[in-house]
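Presented below is the structure to which this report refers.
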Amino acid sequence: MLNWRKLHRRIHKWLGLSLGLLFCVIALSGSLLVFYDELDQGLNISSTKLQNNASANFNNALDTLRKQYPDKQGSWRFEVTPQAKLIPARYYNPPETEHLEFAPMMVWLSSDGNLILRRDYWGQYLMTWLYNLHFTLLLGQTGTWLLGYVGLAILYLLVSGLFAWWPKQGQWQKQLKFKKRSSRIGMLYDWHKLIGLTFLAPLVILTVTGIMLALPKESAAILTKITGPIDTVETPVNHYGVLADNPPIQPNAALNLALEVLPNSRGAWIETPAMKGNPFYYRIRVQTKEDPSQRFPHSYVYIDANSGEVIEVFAYQEQGNSNTVLNWLHPIHDGSFLNLSGRITWLFSGLAAFALFLLGSMRWLSRNQYKSKPRD
């Protein structure tokens with residue numbers, strides 16, 4: 001008769017030894033990324049350069065960028081940071097990195113928009129290198145796809161550990177105890193068991209959301225069968241070809257218009273029109289009250305850059321069930337859905353994954369050394 005507990009012990013052991021190191025790379029890089037902004041800013045921008053303005057001046061920021069980088073005539077994206085101490089900006093697909101799959105130019109300005117504090121390219125500084133390592137294994141889209149399917153094996157690694165430990169009837173109290181042991185192998189097992197049971201739920205949640213983020217098409221195909229179609233916004237058509245002769249509305253005005261359209265919301269990103277009118281509109285990304293995602297919320301307001309007319313609204317509360325599931329993935333995966341407590345929990349979960357691999361490997365080596373010792 002097949003012994004399921006023994007089978008899962010073997011599966012857990014060999015999956016852990018074969019995938020454990022990769023799991024550690026993913027988990028440890030993810031632990032650092034939950035504090036991505038704080039670490040990146042602390043490492044690269046002196047606190048003396050930060051300003052404490054009530055609000056950021058995106059009008060000045062756009063003028064500064066257009067003058068400093070006259071060859072960048074496309075759309076700029078500004079992040080609306082809650083503290084308004086600086087203005088992060090991105091220029092996607094710059095000529096300097098067009099040979100790379102994803103490497104926008106990243107610029108940080110003072111909150112009054114008059115001074116450039118820093119300029120870099122995605123992937124060429126520590127935190128974005130860690131992001132690429134975590135999300136693509138530095139292999140581009142191929143690495144993302146690979147991680148998605150490796151994530152399925154890691155999910156089974158976690159579940160098989162639970163099945164391997166699962167107590168027999170009447171032995172729950174015994175299996176939950178941290179026993180006093182004289183042997184090193186037994187102590188390693190108890191610590192592995194304790195950490196595994198404590199962090200099993202967070203690690204499963206992180207793995208499942210990570211799989212869905214790495215395999216968006218596959219996840220969407222499954223979701224549409226369960227919770228219905230996924231709502232998408234229709235990109236507005238450029239009726240002008242180029243911008244009109246009259247000056248386009250300014251970024252601050254576009255942001256205020258978007259916040260009027262969706263009351264009780266918070267601005268998150270401002271995507272400006274291009275100099276030659278493609279795109280010809282502002283795309284303002286805002287967080288409404290119901291939206292769990294703080295940094296990358298899911299409501300958009302499209303505003304004609306010439307007239308200031310609102311031409312399209314894609315609001316979070318009007319999206320269907322499948323969108324709701326997808327919209328929760330990022331805030332769950334980065335821990336921000338529970339604010340600081342969630343991020344700290346995810347930080348320790350990543351460290352726990354490393355501890356589990358280390359303890360499991362040490363126990364396996366100790367057992368092999370014990371078996372290889374000569375007996376009198």
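In this structure, does residue 93 turn out to be within 28 Å of residue 139 (Cβ to Cβ), assigned to a loop (DSSP other than H, G, I, E, B) and of a type in the set (S, T, N, Q)?
yes
Kindly establish whether residue 196 is open to solvent by less than 40 Å² (accessible area, probe 1.4 Å), in contact with a helix residue (DSSP H, G or I) (Cβ under 6 Å, 6 or more places away or on another chain) and part of a loop (DSSP other than H, G, I, E, B).
It is false that residue 196 is open to solvent by less than 40 Å² (accessible area, probe 1.4 Å), in contact with a helix residue (DSSP H, G or I) (Cβ under 6 Å, 6 or more places away or on another chain) and part of a loop (DSSP other than H, G, I, E, B).
From the list 232, 227, exactly one residue is out of contact with any strand residue (DSSP E or B) (no Cβ under 7 Å at 6 or more places or on another chain), β-branched (Val, Ile, Thr), open to solvent by 40 Å² or more (accessible area, probe 1.4 Å) and modelled with pLDDT under 95. Which is it?
232
Output yes when any residue across segment 349-362 is within 15 Å of the chain's Cα centre (by Cα) and under 29 Å from residue 194 (Cα atoms), and no when none is.
Yes, segment 349-362 has at least one match.
What residue, among those in segment 21-43 that are of a type in the set (Phe, Trp, Tyr) and assigned to a helix (DSSP H, G or I), is surrounded by the most Cβ atoms within 10 Å (Cβ to Cβ)?
Checked segment 21-43; the qualifying residue surrounded by the most Cβ atoms within 10 Å (Cβ to Cβ) is 23.
Would you be able to say whether some residue in segment 53-76 is crowded, with 18+ Cβ neighbours inside 10 Å, under 23 Å from the mean Cα position of the chain (by Cα) and within 22 Å of residue 130 (Cβ to Cβ)?
no
Inside segment 36-88, can you point out the residues that are touching a strand residue (DSSP E or B) at 6+ places or on another chain (Cβ under 8 Å), of a type in the set (Lys, Arg) and modelled with pLDDT of 95 or more?
Scanning segment 36-88 gives 72, 77.
Could you check how many residues of segment 154-170 are within 14 Å of residue 212 (Cα to Cα) and open to solvent by 10 Å² or more (accessible area, probe 1.4 Å)?
Selection size over segment 154-170: 1.
From the residues in segment 353-369 that are touching a Leu at 6+ places or on another chain (Cβ under 7 Å) and within 15 Å of residue 202 (Cβ to Cβ), which one is surrounded by the fewest Cβ atoms within 10 Å (Cβ to Cβ)?
Once the filter is applied, the top-ranked residue is 354.
Which pairs have Cβ atoms under 7 Å, sit 6 or more apart or on different chains, and link a residue in segment 102-121 that is more than 18 Å from residue 75 (Cα to Cα) and open to solvent by 20 Å² or more (accessible area, probe 1.4 Å) to one that is modelled with pLDDT of 95 or more and among the small types (Gly, Ala, Ser)?
117/110
The values are calculated or read from the model by the stated rules, or taken from the named source; none is laboratory data. As the structure is a computational prediction, the values presented were derived from the model and not from experiment. With ideal geometry, Cβ positions are generated from the backbone for all residues, glycine too; neighbour counts draw on all protein chains shown. Only protein heavy atoms, including side chains, enter the accessible area calculation; ligands, DNA and RNA are left aside. Shrake-Rupley method; radii C 1.70, N 1.55, O 1.52, S 1.80 Å.
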